[in-house]
Structure formats: structure tokens, C-alpha cells
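What follows is a set of notes on a single structure, which appears directly below.
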Amino acid sequence: MNISLTAPLEALIHEKVSSGFYNNASEVVREALRIMHERDQRDAAKLERLRTEAANGFESMDRGEFSKKSVGQIFDEAIRKKEVSCVEVYATAFALGRREFGRHRRTDS
């Protein structure tokens with residue numbers, strides 16, 4: 001297999017090998033691919049959980065079971081209870097394309 005890399009990526013690989021943590025460029029690439037694969041699996045699992053929760057929420061709404069709180073209020077409570085981080089709120093807002101989350105400020109580290 002032959003792979004073309006940009007100059008910055010090639011320099012990064014050389015830097016990693018020079019650090020002594022990796023023996024060669026192949027080890028660096030394998031580790032990067034392993035990490036990418038793990039991230040993809042985590043993201044897929046999160047998306048599946050989100051789809052399940054959304055379906056449960058729509059079913060609850062169909063049964064007339066819902067909160068009169070705004071989405072922002074629900075996230076405020078979840079942040080206070082440490083159920084979600086501000087980063088997750090922003091990510092959700094971005095994914096949903098909502099502007100009402102704009103008042104949230106990152107307070108966690």
C-alpha cells in the first residue's frame with residue numbers, strides 16, 4: 001500500500017518516531033487508525049443512544065407525557081446535576097441547529 005501525506009502530516013509522523021515512542025512510521029499510522037476506529041465506534045454508539053432516546057421521547061409525547069420546560073431549561077438542570085457537560089449542550093445545539101442554546105457558557109473543564 002502506498003499512502004500520500006501532506007508535509008505537515010509527514011512531519012508529525014517523523015516527530016512521533018523521533019520521540020522514541022514509536023519504532024517506525026507504520027506504528028504511528030496503525031495507532032492513528034486504531035484511535036480513529038475507536039472514536040467511530042463511540043460516535044456510532046452515541047448516535048444509536050440518541051436515536052433510541054429520541055424515539056422514546058416521541059412516544060412519550062404521543063401519550064401526552066411531556067414537560068412544559070424549554071429545552072434550554074432541561075439542559076440547565078442536566079448541567080447542574082452534572083448529567084451532561086456544556087460541551088455536550090453545544091454539540092447538541094449545533095446538531096439540532098437551534099439558537100436557544102446560545103446563552104449557555106462553558107463552566108466545566
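The values are calculated or read from the model by the stated rules, or taken from the named source; none is laboratory data. In this text, all values refer to a predicted model and were calculated from it rather than measured experimentally. Using ideal geometry, Cβ is built from the backbone for each residue, glycine included, and neighbour counts are taken over all protein chains shown.
I need the full set of residues from the range 57-72 which are of a type in the set (A, V, I, L, M) and outside the structural domain of E88 (by TED's automatic domain parsing), in order please. Please lay out each step first, then the result.
In the first step, residues of the range 57-72 are kept if they are of a type in the set (A, V, I, L, M); the result is 61, 71.
The answer is M61, and nothing else.
Can you tell me which residues in the range 42-75 are more than 19 Å from the chain's Cα centre (by Cα) and in contact (Cβ under 8 Å) with a residue 24 or more places away in the chain?
Pass one, the range 42-75, residues more than 19 Å from the chain's Cα centre (by Cα): 55-74.
Hits for the range 42-75 are S70, V71, G72.
Mind checking whether some residue in the range 46-59 is part of a helix (DSSP H, G or I), farther than 21 Å from E88 by Cα and modelled with pLDDT of 85 or more?
Yes, because at least one residue in the range 46-59 is part of a helix (DSSP H, G or I), farther than 21 Å from E88 by Cα and modelled with pLDDT of 85 or more.
Can you tell me which residue within the range 20-45, out of those that are of a type in the set (S, T, N, Q) and not in a helix (DSSP H, G or I), is farthest from L9 (Cα to Cα)? Lay out the reasoning, then the answer.
Of the residues in the range 20-45, the ones of a type in the set (S, T, N, Q) are 23-24, 26, 41.
Among the residues that remain, those that are also not in a helix (DSSP H, G or I) are: 23-24.
Working: N23: 17, N24: 14 Å.
Ranking the candidates gives N23 first.
Restricting attention to the range 1-41, and to residues there that are surrounded by 10 or more Cβ atoms within 10 Å (Cβ to Cβ) and among the β-branched types (V, I, T), which single residue is farthest from the chain's Cα centre (by Cα)?
V17
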